[in-house]
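Computed from the coordinates by the stated procedures, all read-outs in this text should not be read as laboratory data. Please read all numbers here as calculations on a predicted model, not as lab measurements. All Cβ positions, even for glycine, are placed from backbone atoms using ideal geometry, and neighbour counts span all protein chains on display.
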Amino acid sequence: MPNTPALVRAGASVYVRGAAATEDDCKVTQALFQAVGTCEEVPEAMMDPITALSGSGPAYVFVMIEALADGAVRMGLPRDLAYRLASQTVLGSGKLVRETGRHPGQLKDDVTSPAGSTAAGLSHLEQCAFRHAVSGAVESATVRCRQISSQ
């Protein structure tokens, strides 16, 4: 199942190999999904958390972009500029993680100067339980996927 970024050929898709699927079937499936982004084969047991992560994940990222822009607007930026910069920052940050292969925490540390503005912003995110909120969203969505699957 592709996610909505597939609309701009930046989707994240997965598939489960059926019991009767051949290697050629899998190659065709991968080729179809890779036309709109990335594609990975996964076991069936991973589908609910994957749906919660990459299926619902764009909505979480859109909220993050809105929040980044809202903060910038409150500090004086025009909204259209704030959205452009926030969305490019998210896009570029994701690309940096994928292309460097470095852990996101290492990349975060690279841009965080002791007692600097980034450190102040990160401290606020931690005080507001940002990590807990985001990981909890994935967990809640996974639970809901499982409920829907069992109905």
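Calculate how large, on average over all directions, the projected area of the Cα convex hull of region 90-130 is; give the answer in nm² to one decimal.
On the way: hull surface 12.7 nm².
The Cα convex hull of region 90-130, projected and averaged over all directions, gives 3.2 nm².
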Worksheet entry | Top of Ser135, Ser117, Ser87 by mean-square fluctuation, Gaussian network on the chain, Cα under 10 Å | Ser117
Item to complete: Name the residues whose placed amide hydrogens come within less than 5 Å of the amide hydrogen of Ser13, ignoring near sequence neighbours (fewer than 5 apart) on the same chain.
Response: Thr38, Cys39, Glu40
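Pulled fully out, how much extra length does the chain show between Glu44 and Gln147, if you take 0.36 nm times their separation in residues and subtract their Cα-Cα distance? If you can, show how the numbers build up before the last one.
Numbers: separation 103, 0.36 × 103 = 37.08 nm, distance 1.58 nm.
Gain on stretching Glu44 to Gln147: 35.5 nm.
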Worksheet item: Using the Cα gyration tensor of region 55-150, with a ≥ b ≥ c the square roots of its eigenvalues, what is the shape: rounded (a/c below 1.5), prolate (a/b larger than b/c) or oblate (neither)?
Response: prolate
Worksheet item: Which ³J(HN,Hα) values, rounded to whole Hz and listed in residue order, are derived for region 50-64 from phi using the Karplus coefficients 6.51, -1.76 and 1.60 in 6.51 cos²θ - 1.76 cosθ + 1.60 with θ = phi - 60°, glycine and proline given as x?
Response: 5, 4, 5, 7, 8, x, 8, x, x, 4, 5, 5, 4, 5, 4
Practice prompt. Would you please put 29-39, 74-84, 47-57 in order of how densely packed they are, using the mean number of other Cβ atoms within 10 angstrom per residue and starting with the highest?
Written response: 47-57, 29-39, 74-84
Fill in: Cα centre as origin, Lys/Arg/Asp/Glu Cβ charges: region 16-141 dipole, Debye
540 debye
Worksheet entry | Pair Ser87, Ser123: separation of 7 Å Cα→Cβ label points (nm) | 3.4 nm
Fill in: Sum of side-chain charges, Cys26 neighbourhood, beta-carbon under 15 Å (Lys, Arg +1; Asp, Glu -1)
-4
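Can you tell me how region 1-120 classifies by the Cα gyration tensor, rounded, prolate or oblate, using a/c under 1.5 as the rounded cut? All intermediate terms of the calculation are to be shown ahead of the outcome.
Values: a/c = 2.77, a/b = 2.07, b/c = 1.34.
Prolate, because a/c is 1.5 or more and a/b exceeds b/c.
Around Pro2, what is the net charge, scoring Lys/Arg as +1 and Asp/Glu as -1 over all other residues with Cβ under 14 Å from its Cβ?
Values: positive: Arg9; negative: Glu40.
Local charge sum for Pro2: 0.
Quick check: net charge around Leu107, other residues with Cβ under 15 Å of its Cβ, Lys/Arg +1 and Asp/Glu -1? Don't skip to the end; give the middle numbers.
On the way: positive: Lys95, Arg98, Arg102, Lys108; negative: Glu99, Asp109, Asp110.
Summing Lys/Arg as +1 and Asp/Glu as -1 gives +1.
Once fully extended, how much extra length lies between Tyr60 and Lys27, figured as 0.36 nm per residue of separation less the alpha-carbon to alpha-carbon distance? Intermediate results must be reported in sequence, preceding the final value.
Values: separation 33, 0.36 × 33 = 11.88 nm, distance 3.09 nm.
Gain on stretching Tyr60 to Lys27: 8.8 nm.
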Item to complete: Determine ³J(HN,Hα), in whole Hz, for all residues of region 34-39 in sequence, where each value follows from phi through the Karplus function 6.51 cos²θ - 1.76 cosθ + 1.60 and θ = phi - 60°; x replaces Gly and Pro.
Response: 5, 5, 10, x, 9, 8
Worksheet item: Relative contact order for region 55-150 using alpha-carbon pairs under 8 Å, separation at least 6, rounded to a whole percent?
Response: 20 percent
